[in-house]
Amino acid sequence: MDILYVVVLVINIISALGVIGLVLMQHGKGADMGAAFGSGASGSLFGATGSANFLSRSTAVLATVFFITALLLANFQAGQAKSAGSVMQTNVESTPVGAGTASIPTEGKTADPDGASKAKNVPR
C-alpha cells in the first residue's frame, strides 16, 4: 500500500506541473478582444471559438488525472490510522508562580524593606 501511495503521489505532482505548464502555454480567449472592436476579427470574445486544439484537450486530460489522483490520495489518508491525538488533549503539569524555587535577582535589595507591600492585603 505504501508503494501505491508513492506512485499516485508522483503521478499527482507530475500532472499538476503539466496542467500548470499547459495552461501557461495556451492562447487565451480574451487575447483577441482588442481586435474584435474594429479590426473585423472573425473570432470574438463571445463568438464561436471552433473545436478544441491539442493543448486544450491535453489540459483537460491532465486535469482529470490530477483530480482522480487527488481523490485517491485523500482516500488513502482517510484509511490510515489516526495519530495519538491533539496537543490540546494532553495535560500540562505546571507549578504556580510563587511555588518555584527560582527567584528574580534583586541585586542586594529586599523585596519589601518596610513591610510597605500591599500584596498581603490581596484576598485569596
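Working only within the range 53-76, note down all residues that are among the polar types (S, T, N, Q) and either farther than 12 Å from Ile11 by Cα or open to solvent by 50 Å² or more (accessible area, probe 1.4 Å) (or both).
If the condition is that a residue be among the polar types (S, T, N, Q) and either farther than 12 Å from Ile11 by Cα or open to solvent by 50 Å² or more (accessible area, probe 1.4 Å) (or both), then Asn53, Ser56, Ser58, Thr59, Thr64, Asn75 are the ones that fit.
Filter the range 1-22 down to residues that are surrounded by 14 or more Cβ atoms within 10 Å (Cβ to Cβ) and over 15 Å from Leu71 (Cα atoms), then give me how many there are.
4
The values are calculated or read from the model by the stated rules, or taken from the named source; none is laboratory data. All values derive from a computational prediction rather than experimental measurement. With ideal geometry, Cβ positions are generated from the backbone for all residues, glycine too; neighbour counts draw on all protein chains shown. For the accessible areas, the whole protein counts, side chains as well, though only heavy atoms, and no ligand, DNA or RNA atoms are used. Shrake-Rupley method; radii C 1.70, N 1.55, O 1.52, S 1.80 Å.
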